[in-house]
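Report on the following structure.
What follows draws every value from the coordinates through simple rules; no lab data is involved. Because the structure is a prediction, the values reported are computed rather than measured. A quick note on method: Cβ atoms are made from the backbone with ideal geometry, for glycine too, and the neighbour counts reach across all protein chains shown.
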Amino acid sequence: MDKIRCKVNSDIRLQAIYPVVVRFNEVDSMGVVWHGNYAVYLEQAREEFCKKYGLTYLKDILNNGYYAPVVKLDIEYKRILKYTEDALVRITYLPTLSPKIYFEYEIFLLNSKGEEEIIAKATSIQVFTDLNYNLVLENPDFYKEWKNKWIK
């Protein structure tokens, strides 16, 4: 994974866990999760994180006059995920000085010994734009307040 520039503190870890229940319509003819569905799992984990920490798309971002599009998404597939397997997505927020939302993800399942088996690792970067889709170069006030609340 690329190292993100401007990390504030690599020791700060805000995390959430999102359970993935693999549905039949998400697998191919081999019973393996189609690669494009991993992006959906990551989006669901982002929504779970945002609910947990109060940074939701509609209430907190859009209502403050911003969009937060994903501008980079990297996924490294380590092992297949099959129809009969359910997994977990661990999402971790890494703070930056720049006006970005940076997440790292691990999709994993627990084996019979209770150990984590990594399915995939990923990162995503979101930036802020105004409602006319112009890139915002400063942290929006609401985002500064959110960071001050959670990152001490």
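Overview of values
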item: The chain - mean residue ellipticity at 222 nm from DSSP helices (-39,500 (n - 2.57) per run, n ≥ 4, rounded to 500); result: -5500 deg cm²/dmol
item: Those chymotrypsin sites (Phe, Trp or Tyr not before Pro) in segment 87-146 that DSSP places in a loop and that have at most 15 other beta carbons within 10 Å; result: Tyr133
item: Low-density loop positions, GluC sites (Glu not before Pro), segment 56-152 - DSSP coil, at most 11 other Cβ in 10 Å; result: Glu115, Glu138
item: Euclidean distance of C-alpha centroids, segment 85-152 and segment 50-83, integer Å; result: 7
item: Charge dipole (debye, nearest 20) of the chain; +1 at Cβ of Lys and Arg, -1 at Cβ of Asp and Glu; result: 400
item: Amide N proximity, segment 33-74 versus Leu14 label position 7 Å along Cα-to-Cβ, cut-off under 11 Å; result: 49-56
item: Virtual spin-label span in nm between Trp150 and Arg79, 7 Å along Cα→Cβ; result: 2.9
item: Trypsin sites (Lys or Arg not before Pro) lying in DSSP loop within segment 12-76, provided at most 14 other Cβ fall within 10 Å; result: Arg13, Arg23
item: Nearest-ten-degree value, helix 37-53 long axis tilted from longest Cα axis of the chain; result: 50
item: On Cα atoms only, tilt of 141-150 relative to the major axis of the chain in degrees; result: 60
item: Selection from Tyr53, Thr96, Val32, by position along the positive dipole direction of segment 1-135 (Cβ); result: Thr96
item: Geometric extent, Cα atoms of the chain - Rg, Dmax (angstrom); result: 16.5, 51
item: Set of lysines near Lys152 by C-alpha distance (under 19 Å), chain-local residues within fewer than 8 positions excluded; result: Lys7, Lys52, Lys100, Lys144
item: Inter-site label distance for Val21 and Asp86 at 7 Å from Cα along Cβ, in nm; result: 0.6
item: Coordinate range along principal axes, alpha carbons of segment 93-152, Å, largest first; result: 49, 28, 16
